[in-house]
Each structure stands twice: as C-alpha cells, then as structure tokens.
C-alpha cells in the first residue's frame, strides 16, 4: 500500500511540476504546488458539494431528531471531511514534504486548529452570503471557498507545515 501511495505522490508531483516552467518567474515551486493542489481540491469540494446539495439532499431540509439543518449547511458537513482528508494528504506529501521533520502529533494538532478555523469560516460565510446577501448556495460556496483557501494557505505555510528553523551559530 505504501508503495502505491508513494507512486501516486510521485505522479502528482511530476504532473504538477511539468506545468511549472511558464510560472517560474512569477511564483516559487511550493506556492505553485499549493495553488495546483488547493485548486484541484477546491474544485473537487465544489463538485462534491453541488452533487450532495442537488442530488443527494435534493435541496431539502434535513431533520435529525429535533434539529432542522438547512441543506446547504448539511452539504458542507458531508463534503468537508472528505476534502479535508484529500487536502491534508496533498499538503503534507506534495506541497510541504520538507515539513515531515515536525512530529505528526504536533502537525496534526495544528492542522486540526486550522481546520476548526476553516469550518467556522465556511459556516459564517455561507450563512452571510445566503441568508444576509440572498445569494444562491453554489455561488456562495464558491466565494466562501476562495476566502477560506486564502486563510488556509497562510495558516498552513506559516503554522501547520512550518519547517523548523535551524539554529545558526
């Protein structure tokens, strides 16, 4: 299994890196990989969200016991854990492979902290855009994704997957 995982990682990295040369003067390779992985994962999230909202939930309110959950929030609750996992794997093994020196437990707790922030931001922005601004759910999800990705990028680069600095003498 580990062999297949490494092989998939190598294919992903070589595919992304093959598109890098025209952008090499504008951004560094790590940022390019982040944009490619994050963009692909975000597209996956939007497609999964749209499919869940429109076809699985059929835009219907979900009743769990005495709680009613709007379909756009429930769709987020369903899709977020899936794309969270794919995003973490891409970030750890494709975008920030040098961060493996950091203990998994430390990285994991940091990642959970960022994820909690992302969940909170997803919820707040969806509520704001749909209920206050009157936007449709899919454009609201797309705008929310852009804002959350910006927060996530800076948090991951400078906090979650930060490479420990070496002590200079």
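Here, each number is a calculation from the coordinates, and none is a lab measurement. Computed from a predicted structure; not experimentally measured. Virtual Cβ from ideal backbone geometry, glycine too; neighbours counted across all protein chains shown.
Structure notes:
- Filter result for residue 34 (under 23 Å from residue 126 (Cβ atoms) and in contact with a helix residue (DSSP H, G or I) (Cβ under 7 Å, 6 or more places away or on another chain)): no
- Test: residue in the range 93-107 that is farther than 24 Å from residue 14 by Cα and under 17 Å from the mean Cα position of the chain (by Cα): yes
- Screening residue 52 on (1) surrounded by fewer than 17 Cβ atoms within 10 Å (Cβ to Cβ); (2) more than 17 Å from the chain's Cα centre (by Cα) shows it passes everything except condition (1).
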